[in-house]
Amino acid sequence: MQKLYSFFILLLLSSLAFSQSDFKKAGILNFGNSSITNGDNSPDFTGQSGTGANIDVIYHKIFWRINPDSGSVATPTKYIRGSVQTNFKTIVSNVTTISFDLRSTLTIDSVKFRGAKLPGGSIVRSGNITTLTLGTTLANNFIDSFTVFYRGAPPAVSGAAEGYQTAKTPTANQNYIYTLSESYEDRDWWPCKADMQDKIDSMDITVSVPWTGADTFWVATNGKLVDSTITAGSRIFTFKNRYPMASYLVCVAVARYNKYYRSITLPSGYVLPGVFNIFRGKASYATITNAMALQDSVLYKFSQKFGDYPFKKDKYGYYEGLGGAGGMEHQSFYAMASGSLTSQSTLSHELMHQWFGDKATFASWADLWLAEGFARYGEALAGELHPATGINPVAELASAKSAARGNTTTPTRITSFTTSNQVWTGTNVSAVYDRGCMVVSMLRALSGDNNFFLACRNYLDSANGSGYKSATTDSLKNNFNQVLNYDLTPFFDDWVIHTGHPTSSIYWNSPASKLLAVSVATQTKSASNVVGRFHNVIVLRVQGALLGQDTTIVFYDIDGNYLAKAGNGIAPATPGNYLQYRLSFTPTTVTFDPFNRTMSAGSTVLLTTLDIKILDFTVRQNGNVHDAVLTIDDNSINTSLILERSADGAVFTELGNMQLQPNNPQNNKQYYFKDIAPLSGVNNYRVKFKDVNGSYNYSKIIKLTTKIIADKFSIVNNPGDGNVKLKVLQNSLMNENAVFMVYDATGRLLLQTAQKITGQVIELETSKFSKGTYIIKINTGNQVLQSLKCIIN
């Protein structure tokens, strides 16, 4: 949906998407410790108000009588009368009552169940919820139905809440009726189970309107028109919907329309009928029909990327007549405000919704970004795929990026949505639309086009290929994880669950012909966010001296030390904050994200050298192991740092990569390696690393003679497959307080326990450790007593 404001227009506007029954069993896959509630202060796993929790709605047969001229033509009275038959299947045992949503100001005349009216005492209304006592007990998986007969005047517009309204056409000043139910206004005008997790499997909609001749009313609603019978001054339109639909996407508009028809051949070869209802009385319709023609090509292009248009057996099209928004993505027949009929960005936005929002519906309003973020991105994508629309995709993304970076307080997955005003005003708007758009854009940059569109199609077609289900943020993430064979949980945590954004500075140079070296110089964060360091997508445009020497590189900044090449999937991470690219030309210019594909702002800095700057290198004996520490300047750029050892100082062997220590309080980087089996006698240590030309350089050599420390403990069961048992070898240790620490082979502390030595055997809890080599370090006070190597099978 795209919202309108009086002084300017804001473009507001699962591997697993769960089935309806799965949601009822498993609830919503939330991130974090969310305690989100919905419009009736109910938990978010119930959808909205929590009605109909014991049934699955499988079909509606709807009849409405609507007259926009009701009362008088000059001052019409807003009114609706109708009946809604609900066919359902029970999903629990012993069902005796059923509840549904309907605005309390509407009158229920009667409810029929199994052909008979329920007695008045069996219909209990409390606020906007109606509960029916059936007078019988239904078993699980039992199919039945009830019909509600109702009438009345739906409520007036209240802030962002529209519902069911009457208005005047802008040119002919004729009365018309329109609806807009997003977010909580479906119950304002028809009895329903207002819950996106229980999508209505199919429905028939029949609308009776006054008929006095050619210049009278026509009906716009979801689905395919199958009948329009004229009887005694009324015309009765019947529409059939063959696809599952969320209740808020049900619509009706009654107006004096001109009707336009088109047909679009989809990539599959299916010929899709197009229907367009436009108000009468305009001076010219040429610009509108030209806009329709351009959208035909956009629809074809979207179908190529995301699969055929999702509602091809019903129809494709839109109708004029919407208040409070620029457009609304009513399933198969979206609504357009009069001022948006030729807006290619708005038309493309609502068209994209037919896939994202209508086919795959978000399961709760918290995940609204799954619809609006993709639809906002669809505006830029339409311009990219079909330039004739006149949409500048770079400018569209620049607008979204600016708005997203201007909002540092609201996460993409919103936490405030108890009313329509909360959903559609304030910082929620830029969060779900613009931040959501940039999340989608970054996923595409990270994945590459083939992987991105494949993951999107898998997400849309989840649940054994049938699609048309409700989804969560996890649904989308899991599909991308599966396609990329990579866990994007940290990315989604940073960009969807948390707030804020980074600004990055990139060092680069060309150490040799046709070679590019890059590194992340700095990452700074916006204020007031809890992200330690953003898992960031970096996009760089690389150009050479000659025309046509132009390419784009993408890499994933994982933690400031590990980087991974990306843009066609994500390559294995490389330690050392350094990447090299072989190009077909020598780079002369590197520009940070000029096409606005990410939420990160930044700059690039050309350095004449990217060699590391060693500040300190030490090796010290710690028990019977040697600890090597290398400190380099924080701005140093390096590949992996390899510790080498030699007995004679001439012939060295590699011990392994030194590991960056996190959270160093100094403005530098410290790398660490624990030599768990030093040579007896003299050990010579040095660090090997590559310079900018790819040649190896070395640190200074440190000479350390191993001092043999008398054993105070021995390991009883070495190798072992359970808890480690230590034998006390010196009686002088009795009643001493000692600290026992267990490290893995990389120096990571896994266990620390303080014990008083009171017996000959000390037992350490290591039975759950995986197979491998471990170091046990024993201290008493500030004295290192001993280090032992332990093998667990």
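The values are calculated or read from the model by the stated rules, or taken from the named source; none is laboratory data. It should be emphasised that the depicted structure is a prediction, and the values quoted were computed from it without experimental measurement. We place every Cβ from the backbone using ideal geometry, glycine too, and count neighbours over all the protein chains shown. Heavy atoms of the whole protein, side chains included, go into the accessibility calculation; ligands, DNA and RNA do not. Shrake-Rupley method; radii C 1.70, N 1.55, O 1.52, S 1.80 Å.
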Give me the Debye-computed log₁₀ of I(q)/I(0) at q = 0.10 Å⁻¹ for the chain, equal point scatterers on Cα only, no solvent, two decimals. -1.02
Charge dipole of the stretch 35-181 built from unit charges on the beta carbon (Lys, Arg +1; Asp, Glu -1), centred at mean Cα; most positive-end Cα among Val95, Thr130, Thr77 is Thr77
With all pairs of different alpha carbon atoms counted, what Kirkwood hydrodynamic radius in Å does the stretch 337-467 show? 15.2
Lysines with Cα under 20 Å of Lys282, excluding same-chain neighbours fewer than 8 positions away: Lys168, Lys259
Per 0.36 nm of contour for each residue apart, how much would the distance between Lys525 and Tyr562 grow if the chain were fully extended, relative to their Cα-Cα spacing? 11.5 nm
Just check the stretch 206-363 against the gyration tensor rule for me: Cα atoms, a ≥ b ≥ c as the square roots of the eigenvalues, rounded for a/c under 1.5, and otherwise prolate or oblate depending on whether a/b exceeds b/c. prolate
Length gain on complete extension for the stretch Leu606 to Lys768, per 0.36 nm per residue less the alpha carbon to alpha carbon distance? 53.3 nm
Sparse-neighbourhood loop sites, trypsin sites (Lys or Arg not before Pro) in the stretch 104-139 - DSSP loop, at most 15 other Cβ within 10 angstrom: Arg114
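Calculate the translational D of the stretch 550-659 in whole µm² s⁻¹ from Stokes-Einstein, where the hydrodynamic radius comes from the Kirkwood formula applied to all Cα pairs, the temperature is 10 °C and the viscosity 1.306 mPa s.
Calculated translational D: 93 µm²/s.
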Percent relative contact order for the stretch 163-314, counting Cα pairs under 8 Å at least six residues apart, stands at 22
Which aspartates and glutamates, on any chain, are close to Lys777 with Cα under 15 Å apart, when same-chain ones fewer than 8 places away are left out? Asp627, Asp675, Asp711, Asp744, Glu763, Glu765
What are the ³J(HN,Hα) couplings of the stretch 206-212, residue after residue, when phi is run through the Karplus curve with 6.51, -1.76, 1.60 and θ = phi - 60°? Round to Hz, x for glycine and proline. 10, 10, 9, 10, x, 9, 10
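How large is the dipole of the chain about the Cα centre if only Lys and Arg carry +1 and Asp and Glu carry -1, each at its Cβ, rounded to the nearest 20 debye?
480
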Which far-off residues, 5 or more places away or on another chain, put their amide H under 5 Å from the one on Ile570, with H placed in the peptide plane? none
Theoretical gain in end-to-end length, Lys259 to Thr216 [0.36 nm per residue, Cα-Cα removed]: 14.2 nm
Relative contact order (%) - the stretch 243-346, alpha-carbon pairs under 8 angstrom, separation at least six: 26
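Per residue, how many Å² of accessible area does the chain show with a 1.4 Å probe?
I get 38 Å² per residue for this part.
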Considering only protein heavy atoms and a probe of 1.4 Å, how much of the accessible area of the chain is carbon and sulfur, as a whole percent? 49
Relative compactness, the stretch 84-149, computed as alpha-carbon Rg over 2.2 N^0.38 Å: 1.07
Nearby aspartates and glutamates by direct alpha-carbon distance to Lys305 (threshold 16 angstrom, same-chain neighbours under 8 apart not counted): Asp296, Glu379, Glu384, Asp449, Asp461
Under 5 Å between amide H atoms, partner at least 5 residues away or on a different chain: which partners does Asp69 have, H built in plane at 1.01 Å? none
What is the Cα convex hull volume of the stretch 114-220 when expressed per residue in Å³? 177
Amide H neighbours of Thr589 under 5 Å, counting only residues 5+ apart in sequence or on other chains, H built in-plane at 1.01 Å? Gln543
Return the subset of Lys688/Lys771; Lys401/Lys669; Lys477/Lys525; Lys61/Lys240; Lys613/Lys700; Lys315/Lys359 for which the Cα-Cα distance in this structure is over 21 Å, preserving the input order. Lys688/Lys771; Lys401/Lys669; Lys477/Lys525
Lys/Arg Cβ at +1, Asp/Glu Cβ at -1, dipole of the stretch 700-748 taken about the Cα centre: which of Gln730, Ile715, Leu704 is farthest positive-ward? Leu704
Can you show me the helix-derived [θ] at 222 nm for the chain, built from DSSP H runs with n ≥ 4 at -39,500 (n - 2.57) apiece and divided by the number of residues, rounded to the nearest 500. -4500 deg cm²/dmol
Pro393: net charge of surrounding residues, Cβ under 13 Å, Lys/Arg +1, Asp/Glu -1, itself excluded? +2
Nothing charged except the Cβ atoms of Lys and Arg (+1) and of Asp and Glu (-1): what's the magnitude of the dipole of the stretch 205-361 about its Cα centre? Round to the nearest 20 debye. 240
Can you tell me the FRET efficiency between Leu546 and Ser284 if r is taken as the Cβ-Cβ distance and R0 is 56 Å, rounded to the nearest 0.05? 0.70
